[in-house]
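Below: the structure, in structure tokens.
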Amino acid sequence: MKTRFFITKEDLYELFINQNKTREWVANFYGCSAVLIKKKCQEFGIKKPADLVGKNLERKIQKECLYCSKIFEVVNFRYSGKWEIKFCCHKCSSDYRYLGSKHKRKVLNSVAARRRANMKNALVELTEEEKDSVRNMYINCPEGYEVDHIIPISKGGKHHPDNLQYLTIQENRKKHNKCSNQ
Ligand SMILES: [Zn+2]
């Protein structure tokens, strides 16, 4: 068989058997078709033992966990990208997504504030941007601060981004007392 690819028996044996590369990998290496590699193997009498084929299929790769930085092993799926495994365990995955209990509490705060506002008829129609803005106020609330309604809901203030501000917990208590004393 005449070919423009120069493939020796030794090289093919080294790649296909010793390094246990797939036929597709070897073909890619030489820049030829997988069919040619198959023909070459037949020509040289190279046959991959069944146990090596199995090993190749379940070849694992090492990855670093995105959350805890632990090195872990996963089977390298052909379809990576969006469905790529990024975490060593379920806990790391959920902790990463929920950003911890503090973040979860802030999300719950924002939901509770909305519910309270709804009960006191302080909800106004908001655009998606304004909804995000309200939510971000609660999510990004710094340690030691609370989200406060500038005009209190009890005084007709609305649950709207323009009516929200950060107050330290002490300031907020003081303001609250003043309002209830008046
Ligand atoms: Zn982890």
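Every read-out reported here was derived from the displayed coordinates using simple, explicitly stated rules and does not represent laboratory data. If you're wondering where the values come from, they're calculated on a predicted model, not measured in any experiment. Every residue, glycine as well, gets a Cβ built from its backbone with ideal geometry; the counts of neighbours run over all protein chains shown.
Length available on full extension from S33 to D162: 0.36 nm per residue minus the Cα-Cα distance, which gives 39.9 nm. Between D95 and K120, the C-beta separation translates, for a Förster distance of 35 Å, into a calculated FRET efficiency of about 0.50.
So which of K131/K155; K40/K63; K39/K63; K63/K91 end up more than 28 Å apart, counting from Cα to Cα? Table pairs above 28 Å Cα-Cα are K40/K63; K39/K63.
Based on the alpha-carbon gyration tensor of the chain and its eigenvalue square roots a ≥ b ≥ c, which shape applies: rounded if a/c is under 1.5, prolate if not and a/b is larger than b/c, or oblate?
Working: a/c = 5.89, a/b = 3.98, b/c = 1.48.
Verdict is prolate for the chain.
Divide by every residue of the chain the summed helix terms, -39500 (n - 2.57) for each DSSP H run of at least 4, and state the resulting mean residue ellipticity at 222 nm, rounded to the nearest 500 deg cm²/dmol. Helices in the chain give a 222 nm mean residue ellipticity of -14000 deg cm²/dmol. When the GluC sites (Glu not before Pro) in the stretch 105-176 are filtered for DSSP coil states and for at most 11 other beta-carbon atoms within 10 Å of their beta-carbon, the remaining sites are E125, E143. Once you have a ≥ b ≥ c as the square roots of the Cα gyration tensor eigenvalues for the stretch 101-181, tell me rounded if a/c is under 1.5, and otherwise prolate or oblate according to whether a/b is larger than b/c. The shape class here is oblate. Across N18, N172, N140, mean-square fluctuation computed from a Gaussian network of the chain (C-alpha pairs under 10 Å connected) peaks at N18. Of interest is the spacing of the C-alpha centroids, which for the stretch 1-48 and the stretch 115-146 amounts to 64 Å.
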